Amino acid sequence: MAKRRSTGAAALLAAVLLLTGCADPDAGRQAEAPKGPLDVSVLRVSAPDYDPAPSPEALAGQQPVVVAGAVDGWQRGPALESYENGPLDHRVVLRIRVTDVLKGTVPGDVVFVEADQGAVVRDDSLPPEKWRPGKSVADFAAAIPAGTKTMAFLTERPPYEQRVLDPGEPLPTGARLMSAPPQGLVFEDPFLATRQPGRSALIGGKEPLEAAGRTTWLEPRNMTELIGHLRSKGFSG
């Protein structure tokens, strides 16, 4: 009798577990590690000529605004005239939801950072001004998705010298379009954090962190440590 009761209880338990699994088929998937690293190649569309700042604090001293937070998304930026009868110069805008202001002030809790959208694809069936960028806004969003931790060293974007032919998606009232120098975007890659525990999961956006050599850029293992490093150097808003 006791043995039969135990078998029935086990069967009931198995049924409950099966029903629970059916009710939430994605429960196991939620804990899966990212399938691949961030693709910062979308931001590395040129080879800038600059003198690398030897440390995060050195770059922070050069820029009026330093913030940390997470990628909120991407949107279409302005399209500028490049030269007469030529293709347009397309920009994309990175939205960062700010959690830490380490230097300067920002209006609201989201900053908007301009980036080059890259080369256009030639299409001789259309006039050059209609040629579209090879990388879409969706490509940027897939390469560096929303939620990615980031730090940005920023300055307000000066007025364009070229004629703006398409202003892109509008910014909120009072928002300022910002720009970042070559070393000015740093991301935390969750794939690296999972696959290489104990090593740095930080990567440079526009330029590799090792562009300045074996310096303190390579010491923080994650965004929390990079924020702490700058705070220890006196940058706290």
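For the residues A58, A53, the requirement of being within 30 Å of M223 (Cβ to Cβ), modelled with pLDDT of 95 or more and buried (at least 17 other Cβ atoms within 10 Å of the Cβ) singles out A53.
Selection of the stretch 75-106 for residues being polar (S, T, N, Q) and in a strand (DSSP E or B) yields Q75, T99.
For the structure I just gave you, tell me whether V93 is at pLDDT 95 or above and touching a Phe, Trp or Tyr at 6+ places or on another chain (Cβ under 6 Å). Outline the logic, then answer.
Details: at pLDDT 95 or above: yes; touching a Phe, Trp or Tyr at 6+ places or on another chain (Cβ under 6 Å): yes.
The answer is yes for V93.
Total residues in the stretch 33-68 satisfying the condition of being of a type outside the set (S, T, Y) and either assigned to a loop (DSSP other than H, G, I, E, B) or on the phi > 0 side of the Ramachandran plot (or both): the figure is 18.
Is it true that V42 is buried (at least 17 other Cβ atoms within 10 Å of the Cβ), within 21 Å of I144 (Cα to Cα) and touching a residue at least 24 places away in the same chain (Cβ under 8 Å)? Before the answer, list the steps.
Numbers: buried (at least 17 other Cβ atoms within 10 Å of the Cβ): yes; within 21 Å of I144 (Cα to Cα): yes; touching a residue at least 24 places away in the same chain (Cβ under 8 Å): yes.
Yes: the conditions hold for V42.
Looking across G77, G118, G69, G61, one residue alone is under 19 Å from P181 (Cα atoms) and without any contact (Cβ under 8 Å) to a residue 12 or more places away in the chain. It is G61. For the stretch 219-237, a tally of residues being in contact (Cβ under 8 Å) with a residue 24 or more places away in the chain, in a helix (DSSP H, G or I) and surrounded by fewer than 16 Cβ atoms within 10 Å (Cβ to Cβ) returns 1. When the residues of the stretch 117-142 are filtered to those that are among the aliphatic types (A, V, I, L, M) and within 16 Å of the chain's Cα centre (by Cα), the one that is nearest to G86 (Cα to Cα) is V137.
Which one is surrounded by the most Cβ atoms within 10 Å (Cβ to Cβ), of the residues in the stretch 181-210 that are out of contact with any helix residue (DSSP H, G or I) (no Cβ under 8 Å at 6 or more places or on another chain) and at pLDDT 90 or above?
Initially, the stretch 181-210 is screened for residues out of contact with any helix residue (DSSP H, G or I) (no Cβ under 8 Å at 6 or more places or on another chain), giving 189-198, 207-208.
Add one more test, that the residue is at pLDDT 90 or above, and what stays is 189-192, 207-208.
Working: D189: 23, P190: 18, F191: 14, L192: 20, E207: 20, P208: 15.
Once the filter is applied, the top-ranked residue is D189.
Taken over the stretch 138-173, residues that are open to solvent by less than 40 Å² (accessible area, probe 1.4 Å) and over 27 Å from R221 (Cα atoms) amount to 1.
Looking across the stretch 55-91, the residues that are of a type in the set (A, V, I, L, M) and farther than 30 Å from G228 by Cα come down to A79, L80, L88.
The values are calculated or read from the model by the stated rules, or taken from the named source; none is laboratory data. Computed from a predicted structure; not experimentally measured. All Cβ positions, even for glycine, are placed from backbone atoms using ideal geometry, and neighbour counts span all protein chains on display. Protein only, heavy atoms only, side chains kept; ligands, DNA and RNA dropped before computing areas. Shrake-Rupley method; radii C 1.70, N 1.55, O 1.52, S 1.80 Å.
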